[in-house]
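Before any comments, here is the structure.
The values are calculated or read from the model by the stated rules, or taken from the named source; none is laboratory data. Remember, predicted model here, so these are calculated numbers, not experimental data. Every residue, glycine among them, receives a Cβ derived from its backbone with ideal geometry; neighbour counts consider all protein chains shown. For accessibility, only protein heavy atoms count, side chains too; no ligands or nucleic acids. Shrake-Rupley method; radii C 1.70, N 1.55, O 1.52, S 1.80 Å.
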Amino acid sequence: MEKMSRVSTALSSSAVSGRTMFCHLDAPANAISVCRDATQVVVAGRNIFKIYALEEEQFVEKLNLRVGRKPSLNFSCADVMWHQMEENLLATAATNGAVVTWNLGKPSRNKQDQLFTEHKRTVNKVCFHPTEVYMLLSGSQDGFMKCFDLRKKESVSTFSGQSESVRDVQFSMKDYFTFAASFENGNVQLWDIRRPDRYERMFTAHTGPVFCCDWHPDDRGWLATGGRDKMVKVWDMTTNRAKEIYCVQTIASVARVKWRPEKKFHLATCSMMVDHNIYVWDIRRPFIPFATFEEHKDVTTGIVWRHQHDPHFLLSGSKDSTLYQHMFKDATCPVDKANPEGLCFGLFGDLAFAAKESLISSDASRKPYPGGDRRYPIFFFKKPDPTEQFAHVSSVLSVFETDLDSNRMDWFVKTAQLYLLSGKPFAELCDHNAKVAQELKRPQVSTTWTMLRIMFSDPANLTTPVANHSLSKLGTLPLMNSFNLKEIGAGIGTESRLERSKGEIRQDNMHLEAGNSTISNNNEENEETEGSEGQAEYMFGDAELDDDDLYSMEHDNQTVEEQEYTLPQESFSLISISQPLFSPHLPASFFCPIVREMLSYYAEQGDVQMAVSVLIVLGDRIRKEIDDLTQEHWYMSYIDLLQRFELWNVSNEVIKLSTCSAITCLNQTSTTLHINCSNCKRPMSNKGWICDRCHQCASVCAVCHHVVKGLFVWCQGCSHGGHLEHIMNWLKSSAHCPAGCGHLCEYT
């Protein structure tokens with residue numbers, strides 16, 4: 001085949017032209033790369049390896065590099081890079097651990113040039129040196145990085161990151177000898193290519209794997225990183241310690257990050273899953289994307305700016321088997337759809353209100369709100385840039401403060417700390433929580449707990465607070481012929497009020513001895529005492545008597561005078577008339593609907609603490625009455641509040657005791673610990689503190705040099721650590737590692 005020629009001179013941005021266009025690929029793409037003169041793009045994946053020409057109106061396939069009847073796994077590419085100095089040179093990272101270089105100038109049909117098989121697992125990334133033609137760097141799933149001189153048959157240097165997997169490697173654009181590597185454990189390392197024995201610097205960039213990194217093309221010290229924690233962070237590497245200067249919050253794991261040419265504060269990102277869009281961010285405004293490309297129907301796997309000096313063309317490949325060229329003028333601008341008005345309550349009741357400048361300025365003459373009105377100036381305003389395609393928006397923010405004493409949340413914190421949610425019988429939990437609420441001057445909540453105890457306690461296990469119900473305790477009862485409907489109603493009302501306030505439960509059956517029973521209708525004082533909770537009134541309260549029943553009772557006793565006397569034994573059948581009708585104790589399921597309404601009421605009023613606490617204490621008694629989504633919403637809201645107040649232990653207890661499976665699993669994510677020996681760096685077994693290989697004690701405190709058998713804290717940077725208290729005290733006076741390794745440790 002005739003040698004493919006390239007234009008080696010750098011083009012000005014005005015020379016690049018085209019439109020938004022796409023083409024269908026034979027298979028999903030894993031990575032793309034563009035040649036230096038921005039006229040061709042290479043697309044690589046498991047089942048595709050092709051070069052396309054970028055013409056004015058369309059993509060034109062130029063070369064298929066997958067040749068042979070049964071292409072080997074060397075063609076199954078996880079990454080591809082086109083050399084920016086040598087126009088005929090490509091490198092690919094294969095899923096079988098091979099690093100392959102390709103020479104487009106070879107006359108044969110197979111363009112494979114060199115094959116390096118030193119990695120034992122999938123190679124995730126390859127990177128050419130920006131100015132050295134023959135220097136190639138690779139990072140693999142085996143935790144090693146290798147530097148290859150393409151004039152030799154094997155690698156010249158091997159760098160061990162002492163981590164499970166290397167996700168990305170990038171040579172610095174400005175520093176000849178430096179490259180950055182990102183790892184599965186959240187660390188980023190900086191290496192000097194001349195010193196393969198040890199990294200120059202290491203810092204923890206993300207909570208979780210760091211999938212990508214990219215050096216700023218113009219600012220020497222800026223390094224952008226993206227990770228599974230859905231964040232893009234920009235680090236200043238010119239200081240002694242890596243300093244985070246910007247942080248962008250996205251909505252999904254960040255798979256790729258690329259700085260936008262000629263725009264210092266702009267970078268493009270795409271996600272590893274869930275989100276198919278490509279976002280361009282202004283890192284100074286981290287919550288709303290500056291521009292969005294929404295063409296792909298599946299996850300975007302590769303993005304690259306078409307020319308290193310042109311900010312208007314972006315190329316992307318995707319799992320939907322399409323290759324796109326995006327023009328920046330066709331991008332969606334989310335700010336155009338953003339609502340300039342906003343309203344939000346602060347944690348302590350402050351109210352923040354944002355609105356358009358015009359609305360606020362026209363209303364500037366109004367009187368201030370009672371109770372104080374504190375105004376802040378415009379919180380985001382930039383001078384318009386005539387060269388920028390998208391207009392900037394601004395809002396004015398007003399903050400109205402409340403009196404701190406009138407809206408304090410101390411009750412929430414104390415309630416969370418004092419509530420008992422498990423570990424005791426149901427009745428004791430309710431009593432304890434009712435007492436806590438009463439002491440915090442929340443009578444409605446206290447009464448609710450008491451009523452829950454009455455409703456759901458098991459009647460067979462109830463114990464009466466009064467041990468001996470003698471007649472002196474029962475007090476005196478009025479004569480039967482003196483009853484009327486008003487007296488019965490009043491008696492029942494008094495009884496129910498007393499019963500609720502005292503929270504006492506009576507036994508089902510009280511048997512009175514006829515010889516000791518004396519009833520009087522002129523002792524009114526006892527009606528308001530504890531003795532008024534006698535059997536007669538209790539029985540009438542549990543039965544419904546109509547007027548005919550009362551009339552018949554009065555008619556039968558017309559000859560009886562209103563005086564004190566000893567009631568005959570058979571007369572008790574009239575007082576006990578409710579006993580044969582039905583049991584005085586209702587089943588717990590009878591109360592479930594009203595308890596469900598009560599929980600919804602508390603949640604709607606904002607007291608999600610009460611709703612979640614009752615859910616946990618009642619457990620299976622009420623769980624089936626409330627749908628899982630509602631429960632999950634309540635739990636998440638309460639856990640969020642607890643974590644805002646830094647009540648970590650309470651939050652953890654709520655997660656453990658939750659009745660919702662979606663909440664219970666929160667404590668089970670990202671909690672696997674892989675412990676390596678601090679001496680030989682090999683994985684430790686779970687038996688004891690002695691390493692099986694080097695027979696040294698692994699968990700030795702770097703301060704006191706004794707074995708740590710309890711709470712152990714270690715630095716993720718240097719892996720040294722020890723007793724929590726010892727390390728905390730050490731770091732109060734010194735920032736260097738107590739083990740003497742020279743690492744700057746930090747306890748947060």
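A few notes on this one:
- Residues that are under 15 Å from residue 42 (Cβ atoms) and of a type in the set (Lys, Arg), drawn from region 61-111: 62, 66, 111
- In region 267-278 there is no residue matching the filter, namely being in a strand (DSSP E or B) and either open to solvent by 50 Å² or more (accessible area, probe 1.4 Å) or more than 23 Å from residue 125 (Cα to Cα) (or both).
- Pair list, Cβ < 6 Å and 6+ apart or interchain, from region 588-603 residues that are more than 13 Å from residue 621 (Cβ to Cβ) and open to solvent by less than 60 Å² (accessible area, probe 1.4 Å) to residues that are assigned to a helix (DSSP H, G or I) and not charged (D, E, K, R): 602/610; 602/611; 603/611; 603/634
- Residue count for region 279-303, restricted to those that are surrounded by fewer than 21 Cβ atoms within 10 Å (Cβ to Cβ) and not in a loop (DSSP other than H, G, I, E, B): 1
- Residue count for region 41-51, restricted to those that are assigned to a strand (DSSP E or B) and open to solvent by 10 Å² or more (accessible area, probe 1.4 Å): 1.
- Scanning region 415-459 for residues that are of a type in the set (A, V, I, L, M, F, W, C) and farther than 23 Å from residue 658 by Cβ returns 440, 451, 454.
- Qualifying residue in region 232-243 (condition: among the basic types (Lys, Arg) and not in a loop (DSSP other than H, G, I, E, B)): yes
- Residues in region 64-90 that are among the aliphatic types (A, V, I, L, M), crowded, with 18+ Cβ neighbours inside 10 Å and outside any loop (DSSP other than H, G, I, E, B): 78, 80, 81, 89, 90.
- Here is the figure for region 301-342: residues that are polar (S, T, N, Q) and closer than 30 Å to residue 355 by Cβ total 2.
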